[in-house]
Amino acid sequence: MHEDTERRLTNLEIKASETEDTIDRLNDVIVRQQAQIDLLLRELAQLRAEAPTDEAPAFRSLRDEAPPHY
């Protein structure tokens, strides 16, 4: 019985260690993704600031354009 308990405890320790490693790797991914999101938000804000504001964005309908065979 002692050997069985020792084996089970060892297996649980291994699983806990693997789980901790997985959580650390996932955290690294989240940190990297957040940095990318922050960069994209800054770039978007810069593009919006550089966009001309004197005219409304032109909406074009594809129905207004003649097909290429005309």
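Only the coordinates and a few stated rules stand behind these numbers; no lab work does. This one's a predicted model, so the numbers in the text were calculated from it and none came from an experiment. Here the Cβ is made from the backbone with ideal geometry for all residues, glycine too, and neighbour counts use every protein chain on show.
Going by alpha carbons, how many degrees (0 to 90, nearest 10) lie between the helix axis of 2-50 and the longest principal axis of the chain? It works out to around 20 degrees.
In the chain, helical runs assigned H by DSSP with n ≥ 4 each contribute -39500 (n - 2.57); averaged across all residues and rounded to the nearest 500, the mean residue ellipticity at 222 nm is -26000 deg cm²/dmol. Of the listed values [x] 11.4; [y] 5.0; [z] 10.9, grab the one calculated as mean projected area of the Cα convex hull in nm² from the structure here. Here the calculated entry is [x].
Rounded to the nearest 20 debye, what is the charge dipole size of the chain about its Cα centre when +1 sits on each Lys and Arg Cβ and -1 on each Asp and Glu Cβ?
Working: 9 positive and 16 negative charges, 62 e Å.
Taking the Cα centre of the chain as origin, the dipole is about 300 debye.
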